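Input: a single structure, listed below in structure tokens.
Every number in this text was worked out from the coordinates using simple rules, so none of it is lab data. Because the structure is a prediction, the values reported are computed rather than measured. Here the Cβ is made from the backbone with ideal geometry for all residues, glycine too, and neighbour counts use every protein chain on show.
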Amino acid sequence: PEDDVRIVLVDTFKDETEESLRLAEAMGERLQGVRLDTPGERGGVTPDLVRELRARLDQAGFNHVKIFVSGGVTPERLTVLAEAGADSFGVGSYISAASPIDMTMDIKEVEGRPIAKRGRIPGITPNPKLEQVM
């Protein structure tokens, strides 16, 4: 369907930048993003590649096209690639290979009333390491 979001893998058969520009020209506003997952044998996704792709898309008037990066993304690489212009990331093996974290979670409050299971102190416990997200 015409209204579906389209993010296209661009480094399979041709140069990532040239393929992205051809797609953007052919698809126009229907192209939401391009995905880079360049294999390590070809140098992988580098900050220079992301910078070049962002610059060339912008120069050609395709500022709306987002750059998605996947393949070997770690927190360190994510930071560097985001600074280079990547918009979004697919993180798979880093998460699936992570060591398990032993933890528990307790309900401490329900509808504003402190509550806890036996042996726990009811009510919210302030902790400077926690950040409220909702």
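Observations
- Label-point separation in nm, residue 94 to residue 124, each point 7 Å along Cα→Cβ: 3.1 nm
- Neighbour counts of C-beta atoms inside 10 Å place 46, 74, 38 in the sequence 74, 46, 38, starting with the fewest.
- Residues 89, 13, 62 arranged by fewest to most Cβ contacts within 10 Å: 13, 89, 62
- Selected from 114, 38, 57, residue furthest toward positive end of dipole (the chain; charges at beta carbon): 114
- Cα centre as origin, Lys/Arg/Asp/Glu Cβ charges: segment 5-64 dipole, Debye: 180 debye
- Ranked list, fewest to most other Cβ atoms within 10 Å of each Cβ, for 101, 67: 101, 67
- Here the 3J(HN,Hα) profile of segment 29-36, calculated from phi with Karplus coefficients 6.51, -1.76 and 1.60 at θ = phi - 60°, is 5, 5, 8, 7, x, 10, 10, 9 Hz, Gly and Pro shown as x.
- Among 113, 30, 22: highest mean-square fluctuation, GNM of the chain, C-alpha pairs under 10 Å: 113
- The angle separating the long axis of helix 47-59 from the principal Cα axis of greatest extent in the chain is about 60 degrees.
- Cα-only Debye scattering, the chain: base-10 log of I(q)/I(0) at q = 0.08, 0.21, 0.22 Å⁻¹: -0.37, -1.21, -1.30
- Reachable lysines, given that their alpha-carbon falls under 23 Å from the alpha-carbon of residue 14 and they are not under 8 places away in the same chain: 66
- The chain: angle of helix 75-84 to the longest principal axis, Cα-based, in degrees nearest 10: 50 degrees
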